[in-house]
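Working notes for the structure below.
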Amino acid sequence: MGTVLGAFITKNGGQVELINRNRPHIAALQEHGAHITGTMEFTQPVTAYTPDEMSGSYDVIFLMTKQQQNEEVVRFLKDFLAPDGAIVTMQNGLPEPQIAEIVGEERVLGCTVAWGATMQEPGVCELTSAPDSLTFSLGSFAVRPHPHLLEVKRLLSLMGPVDLESNFIGTRWSKLLINASFSGMSAVLGCTFGEAAGDKASRKIVQALIKECIDVCDKGGIRIEPVQGKDIVKLLDYKGPVKKAVAYMIIPLAIRKHARLKASMLQDLEKGKKTEVDAINGAVSAYGRKVGCPTPCNDKVVEIIHRIEAGELRPGMDNLKFFTI
């Protein structure tokens, strides 16, 4: 996703450097540029380096690494961050508090991303979301606006529309809801978002995961923000069987622009890597415990994905048998 964002920013006149530990990927970017495929296709020359080639200081750092390495990565980046600079975390889950502990709350901005991408090979990344869904929601938990907030908005707007959010925790939870439900099931079942929503048995679990996110936020006093103008709670929450049936029918329509998206957690599992499940479904479970709201389906997704990581299971539709709703 960082390669796609960097290609768009550069293509539309912005100045950005792409930093990645993947040396073959950096070499391909330096030699051939970033080749974007999928729902859009173009090749864009970019400036790309490995971390050991970084120098100077940065006003804005877009952080798009996996959260498992946040302690190491953020401490490394701290030395390259300008005194009034901002680390803009575009990661899943609720990453801002941990980053703020390292660099200070006043130097952290959060951004949720409503699109997805998949790396195909060094230098080649597939954009898996529709061109009209390339949106961002930007905000902060700090009281004062960051001095580079408008500059960050300008850079992101070179790719797509940017909303400045006053209720950023509610925006974080709207993205977490999507990741916990669709990314969670994509990883468990080895499928795309569209396939997870299309299969009737899988869709029941997706709906249960969504409902758990809504319920824990309600119990914790968090107002979930709309996503791309759509009020998730109004569309998908329910109290009785009629609204539950309607919400069930809406789910494939709600995700249709991102139907081709394959969860980054699934991509990690396919590469034999550890996933961010503890920062996604695990974050829902942890908050549920905090506010006293059960989250059995999110708990089960965490359990299954850890079993896949351990080699006990494989992603596949057969894993539906572990859920009881």
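The values are calculated or read from the model by the stated rules, or taken from the named source; none is laboratory data. Just so it is clear, the model here is predicted, and its values are computed rather than measured. Cβ placement follows ideal geometry from the backbone for every residue including glycine, while neighbour counts extend to all protein chains displayed.
Could you go through the range 220-232 and let me know if any residue there is touching a residue at least 60 places away in the same chain (Cβ under 8 Å), under 21 Å from Ala283 (Cα atoms) and assigned to a helix (DSSP H, G or I). Break it down into steps so the answer makes sense when it comes.
Keep residues of the range 220-232 that are touching a residue at least 60 places away in the same chain (Cβ under 8 Å), which gives 220, 225, 227-228.
Now narrow it down to the ones that are under 21 Å from Ala283 (Cα atoms): 220, 225, 227.
Narrowing further to those that are assigned to a helix (DSSP H, G or I): 220.
Checking the range 220-232: at least one residue is touching a residue at least 60 places away in the same chain (Cβ under 8 Å), under 21 Å from Ala283 (Cα atoms) and assigned to a helix (DSSP H, G or I).
Out of all the residues in the range 18-57, which are assigned to a helix (DSSP H, G or I) and basic (Lys, Arg)? Lay out the reasoning, then the answer.
Kept after step one, since they are assigned to a helix (DSSP H, G or I), are these residues of the range 18-57: 23-32, 51-53.
Residue satisfying the conditions is Arg23 alone.
Is it the case that some residue within the range 82-104 is in contact with a strand residue (DSSP E or B) (Cβ under 8 Å, 6 or more places away or on another chain) and farther than 23 Å from Phe168 by Cα? Can you show your working first?
We begin by selecting, within the range 82-104, every residue in contact with a strand residue (DSSP E or B) (Cβ under 8 Å, 6 or more places away or on another chain); these are 82, 84-91, 95-96, 99-100, 103.
Those left that are additionally farther than 23 Å from Phe168 by Cα: 82.
Yes - at least one qualifying residue is present in the range 82-104.
Name every residue in the range 1-14 that is assigned to a loop (DSSP other than H, G, I, E, B) and either touching a strand residue (DSSP E or B) at 6+ places or on another chain (Cβ under 8 Å) or acidic (Asp, Glu) (or both), in order of residue number. Reasoning before the result, please.
The initial filter retains those residues of the range 1-14 that are assigned to a loop (DSSP other than H, G, I, E, B), namely 1, 12-14.
Once the filter is applied, which keeps residues that are assigned to a loop (DSSP other than H, G, I, E, B) and either touching a strand residue (DSSP E or B) at 6+ places or on another chain (Cβ under 8 Å) or acidic (Asp, Glu) (or both), the range 1-14 yields only Met1.
When you check Leu189 against the structure, is it at negative phi, at pLDDT below 95 and of a type in the set (A, V, I, L, M, F, W, C), yes or no? Spell out how you get there, then give the answer.
Numbers: at negative phi: yes; at pLDDT below 95: no; of a type in the set (A, V, I, L, M, F, W, C): yes.
Here the answer is no, as Leu189 does not meet what is asked.
Looking only at residues in the range 239-266 that are surrounded by fewer than 17 Cβ atoms within 10 Å (Cβ to Cβ) and assigned to a loop (DSSP other than H, G, I, E, B), which one is farthest from the chain's Cα centre (by Cα)?
The qualifying residue farthest from the chain's Cα centre (by Cα) is Gly240.
Just a yes or no: is a residue in the range 61-79 of a type in the set (Val, Ile, Thr), without any contact (Cβ under 8 Å) to a residue 40 or more places away in the chain, assigned to a helix (DSSP H, G or I) and in the same structural domain as Phe8 (by TED's automatic domain parsing)?
So the first thing to find is which residues in the range 61-79 are of a type in the set (Val, Ile, Thr), and the list is 61, 65, 73-74.
This time we only want the ones that are without any contact (Cβ under 8 Å) to a residue 40 or more places away in the chain, so: 61, 65, 73-74.
From what is left, the residues that are assigned to a helix (DSSP H, G or I) are 73-74.
With the extra rule that they be in the same structural domain as Phe8 (by TED's automatic domain parsing), the set shrinks to 73-74.
Checked against the condition, which is being of a type in the set (Val, Ile, Thr), without any contact (Cβ under 8 Å) to a residue 40 or more places away in the chain, assigned to a helix (DSSP H, G or I) and in the same structural domain as Phe8 (by TED's automatic domain parsing), the range 61-79 yields at least one hit.
Taking the range 156-168 only, how many residues are surrounded by fewer than 21 Cβ atoms within 10 Å (Cβ to Cβ), touching a Gly at 6+ places or on another chain (Cβ under 9 Å) and not small (Gly, Ala, Ser)? Reasoning before the result, please.
Quick first cut of the range 156-168, residues surrounded by fewer than 21 Cβ atoms within 10 Å (Cβ to Cβ) only: 157-158, 160-167.
With the extra rule that they be touching a Gly at 6+ places or on another chain (Cβ under 9 Å), the set shrinks to 158, 163-167.
With the extra rule that they be not small (Gly, Ala, Ser), the set shrinks to 158, 163-165, 167.
Going through the range 156-168 one residue at a time, the tally reaches 5.
Output the residues belonging to the range 308-322 that are touching a residue at least 40 places away in the same chain (Cβ under 8 Å) and either outside the structural domain of Ser186 (by TED's automatic domain parsing) or part of a helix (DSSP H, G or I) (or both).
Applying the first criterion (touching a residue at least 40 places away in the same chain (Cβ under 8 Å)) to the range 308-322 yields 308-309, 314-317, 319-320.
Passing the criteria: Ile308, Glu309, Met317, Asn319, Leu320.
For the range 169-179, indicate whether the set of residues that are under 29 Å from Lys271 (Cβ atoms), among the small types (Gly, Ala, Ser) and crowded, with 24+ Cβ neighbours inside 10 Å is non-empty. Talk me through it step by step, then tell me what you get.
Pass one, the range 169-179, residues under 29 Å from Lys271 (Cβ atoms): 172-179.
If we keep only those that are among the small types (Gly, Ala, Ser) as well, we get 174.
Next, only the ones that are crowded, with 24+ Cβ neighbours inside 10 Å stay: 174.
Yes, the range 169-179 contains a residue that is under 29 Å from Lys271 (Cβ atoms), among the small types (Gly, Ala, Ser) and crowded, with 24+ Cβ neighbours inside 10 Å.
Does the range 98-117 include one or more residues that are charged (D, E, K, R) and either within 16 Å of the chain's Cα centre (by Cα) or in a strand (DSSP E or B) (or both)? Don't jump to the end; show me each part of the working.
Within the range 98-117, the first condition is being charged (D, E, K, R), and the residues that meet it are 101, 105-107.
Subsequent filtering for residues that are either within 16 Å of the chain's Cα centre (by Cα) or in a strand (DSSP E or B) (or both) retains none.
No.
For the range 144-162, which positions are under 19 Å from the mean Cα position of the chain (by Cα) and in a loop (DSSP other than H, G, I, E, B)? Walk me through it before giving the result.
Filtering the range 144-162 down to residues under 19 Å from the mean Cα position of the chain (by Cα) leaves 152-153, 155-157, 159-162.
Ser157, Met159, Gly160, Pro161 - these are the residues of the range 144-162 that are under 19 Å from the mean Cα position of the chain (by Cα) and in a loop (DSSP other than H, G, I, E, B).
Can you tell me which residue within the range 122-142, out of those that are among the aliphatic types (A, V, I, L, M) and not in a strand (DSSP E or B), is modelled with the highest pLDDT?
Taking the range 122-142 as the starting set, the residues that turn out to be among the aliphatic types (A, V, I, L, M) are 124, 127, 130, 134, 138, 142.
Right, trim to not in a strand (DSSP E or B) and you get 130, 134, 142.
Numbers: Ala130: 90, Leu134: 94, Ala142: 75.
Filtering first and then ranking leaves Leu134.
Residues checked against (1) farther than 17 Å from Gly93 by Cβ; (2) surrounded by 23 or more Cβ atoms within 10 Å (Cβ to Cβ):
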position	(1), (2)
Asp268	no, no
Lys274	no, no
Asn281	no, yes
Val284	no, yes
Lys290	no, no
Thr295	no, yes
Asp299	no, no
Glu303	yes, no
Arg307	yes, no
